[in-house]
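> Okay, handing you the structure first.
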Ligand code: AMP
């Protein structure tokens, strides 16, 4: 069986690495000349809308998937004439715009931050009047890792925004206790499963650590899994996806949907029976899913921009390093480590030893 992957970053690399033990060949398209996935599988360096690259992938693949949500919809539509594209093109379209995403969540009875569409200065003023401050102005499309968003605390922040040159959305600020996420997976036959929830720490809008399983009550896990299942069934979704959640005194509030494997699921490589990458491959290839159960406790930490020496990381008991072989650049996710343990106290002691 052969799997075509659009996008050759670290997610594409870890998908390819998970496919190979199952005897599944992979081919990645990524515009970069050298990309993390290109070290571990065949890589076609071309734009995502390059007709020759699309033809090559269409000829190669039994199934096509992708590692990021901003793949041109026209490309997935062209590929879908030759091989199943999983998840569906409609799932991709829904989550590529924060406005349609929030409307879809609300239609399923899933709470989100209050929001108002912003298209110009006048609608920004009206939106601020409606939602109050603080609130967060975000681009509707192509935002990730806190990019394309502005926290508006006071009226002077609103005045400083400047001209609105793209479709935006204003979101009321959600006073959350902590950030969780749910990683769900749905098979071709509709079988659904989800992982125990990770507890995610962000700095400047970027994920820095996920601890799993989070200490949450059974109701919270049940609701998070229900949110994921409702969404997956509504979209007839196939594959792994993530819903970022705010844990608030009033219950779970959904922030964002990622129709792909997700950074807050990297802990599953060593911390769960079946990793999110393997389960995505299993799901899209029409294979039975593997167990999402946790194995002990763990914490995943991202290395942004630079990383300590490999020797120092690997000297920590239970440390599992994933170096994406990327050129270091400030803020860039270049590697992650997951430290595993059998209990919380041992995990804390091990984490304290991380350089
Ligand atoms: P996002 O790009 O939407 O995932 O946002 C990045 C981070 O900004 C989130 O992980 C939160 O820490 C914070 N954030 C985003 N939206 C809100 C909101 N409506 N209220 C409070 N914090 C938010």
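Values quoted throughout were computed directly from the atomic coordinates according to the rules given, and no laboratory measurement underlies them. Values in this document were obtained by computation on a predicted structure and should not be read as measured data. Cβ placement follows ideal geometry from the backbone for every residue including glycine, while neighbour counts extend to all protein chains displayed.
> On the principal axes of its Cα set, how long, how wide and how thick is the chain? Give whole Å, largest value first.
Per principal axis, max minus min of the Cα coordinates gives 57, 53, 40 Å.
> Ranking 66, 195 by Cβ neighbours within 10 Å, fewest first, what do you get?
66, 195
> Also: Could you list 65, 191 in order of exposure, starting from the residue whose Cβ has the fewest other Cβ atoms within 10 Å?
191, 65
> Over the Cα atoms of the stretch 178-351, how large are the radius of gyration and the largest Cα-Cα distance (Dmax), in Å?
15.9, 47
> Taking only C-alpha pairs under 8 Å that are 6+ residues apart, what is the relative contact order of the stretch 114-172 in percent?
52
> Let me ask something else about it. For the chain, modelled as a GNM with alpha-carbon contacts under 10 angstrom, which of 184, 23, 265 fluctuates the most?
23
> As a check on your grasp of the helix formula, calculate [θ] at 222 nm for the chain: sum -39500 (n - 2.57) over DSSP H runs of n ≥ 4, divide by the residue count, round to the nearest 500.
Numbers: 12 runs with 104 residues, N = 355.
That calculation yields -8000 deg cm²/dmol at 222 nm.
> Which order do 30, 236 fall in if you start with the one that has the fewest other Cβ atoms within 10 Å?
On the way: 30 24, 236 13.
The most exposed by this proxy come first: 236, 30.
> A further question follows. 7 Å from Cα along Cα→Cβ at both residue 100 and residue 206: what's the point-to-point distance in nm?
Each label point is offset 7 Å from its Cα along the Cβ direction, giving 3.0 nm.
> Put a dot 7 Å past each Cα toward the Cβ at residue 73 and residue 348; how far apart are the dots in nm?
Each label point lies 7 Å from its Cα, and together they span 4.9 nm.
> Then there is this: Ratio to report: Rg/Rh of the stretch 63-107, with Cα atoms as the point set and Rh obtained by the Kirkwood method; give two decimals. Don't jump to the answer; show the numbers that get you there.
Values: Rg = 11.2 Å, Rh = 11.0 Å.
Value, to two decimals: 1.02.
> When only C-alpha pairs under 8 Å and at least 6 residues apart count, what is the relative contact order of the stretch 2-85, in percent?
On the way: 163 pairs, mean separation 28.3, N = 84.
Relative contact order here is 34 percent.
> Further question: In whole angstrom, and with the biggest value first, how far do the Cα coordinates of the stretch 2-85 range along each principal axis?
Principal extents (Cα only, largest first): 30, 25, 21 Å.
> Relative contact order for the chain: what is it in percent, counting Cα pairs under 8 Å that are at least 6 residues apart?
14
> GNM on the chain, C-alpha springs below 10 Å: top fluctuator among 260, 34, 186?
Residue with maximal mean-square fluctuation among 260, 34, 186: 34.
> Per residue, how big is the convex hull around the C-alpha atoms of the stretch 257-301? Give it to me in cubic angstrom, could you?
Residue-normalised Cα hull volume stands at 70 Å³.
> Right, here's the next one. Between 116, 161, 337, which gets the highest mean-square fluctuation from a Gaussian network model of the chain, Cα cutoff 10 Å?
Largest GNM mean-square fluctuation: 161.
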